[in-house]
Each structure stands twice: as C-alpha cells, then as structure tokens.
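The values are calculated or read from the model by the stated rules, or taken from the named source; none is laboratory data. Note that the coordinates shown come from a computational prediction; the quantities given were computed from them, not determined experimentally. Heads up, the Cβs are rebuilt from the backbone with ideal geometry, glycines too, and the neighbour counts pull from every protein chain shown. Surface accessibility is based on the protein's heavy atoms, side chains included, excluding ligands, DNA and RNA. Shrake-Rupley method; radii C 1.70, N 1.55, O 1.52, S 1.80 Å.
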Amino acid sequence: ADGYYEYATQECVYSTSDYSDMVFLLSYSFNKVVYEQYNSTVGKFVGFTEVGVKYAENFKEDKAFLQQLKARVDTFCRHNAQISDSAVRDKA
C-alpha cells in the first residue's frame, strides 16, 4: 500500500559480559531512512537529514529528556540484558 511510514527503534548494543561497553541508541526513521539518532555514548541527538538536524537541535535544549535517555543504559538496557543473558545461560 502507498503511504508514509515513520517509526522509532530502541537498541542496546554491547559485546562484553560485564556490560561496560553498553550503548543505548534511539533512532527515528521515515520511509526506512534514519533521520536522527540519540547515542548514549555521545549524549546527544545527531541529525542525518536536513529535518533530522533541525530536530536534533531542538532536542539539545531539553536537558531533562537527554538525562532520561542517558539513564536508559542502566534502567532499560542493563536490566533487560541481565534477564536475557541469564535465561540463555540457564538453558545451556
């Protein structure tokens, strides 16, 4: 079907068992093109398109929201990774 498709994805990326390198990514996409992304290591949004750059600049002003996103490494990522990893280890 024809139309527009906008969506957001949240990812937790890590490669060590102690989660010391864990990164939280929040990406916004439109018709399969990522136009902006938050990276917890960088601590800010980065725009990849003209619109994304404008949105990223607006998000830069919202310090409370950026702090919430940075905290998701601990509240969302580590928490779920520990549950997931222990379920896999228990099955092995």
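Worth a mention:
- To put it simply, the accessible area of the chain at a 1.4 Å probe is 53 percent carbon and sulfur.
- Overall shape of region 41-92 was characterised from the C-alpha gyration tensor. The equivalent ellipsoid obtained from it has semi-axes of 33, 13, 6 Å, in decreasing order.
- Surface analysis of the chain yields an accessible area of 71 Å² per residue, using protein heavy atoms and a 1.4 Å probe.
- All distinct Cα pairs of the chain go into the 1/r average, and the inverse of that average, the Kirkwood radius, is 14.6 Å.
- Taking Cβ atoms as reference points and 11 Å as the exclusive limit, the residues near Arg78 contribute a net charge of -2, counting Lys and Arg as +1 and Asp and Glu as -1.
- Applying the criteria of a DSSP loop state and at most 10 other Cβ atoms within 10 Å to the trypsin sites (Lys or Arg not before Pro) of the chain yields Lys32.
- Measuring between their Cα centroids, region 51-92 and region 19-35 lie 10 Å from each other.
- Applying a DSSP loop filter and a limit of 10 other Cβ atoms within 10 Å to the GluC sites (Glu not before Pro) in region 39-78 leaves Glu61.
- Number of Lys-Lys pairs in the chain with C-alpha atoms under 18 Å apart and a separation of 8 or more places or on different chains: 6.
- Net charge dipole, the chain: roughly 180 debye, given to the nearest 20, about the Cα centre with Cβ charges of +1 for Lys and Arg and -1 for Asp and Glu.
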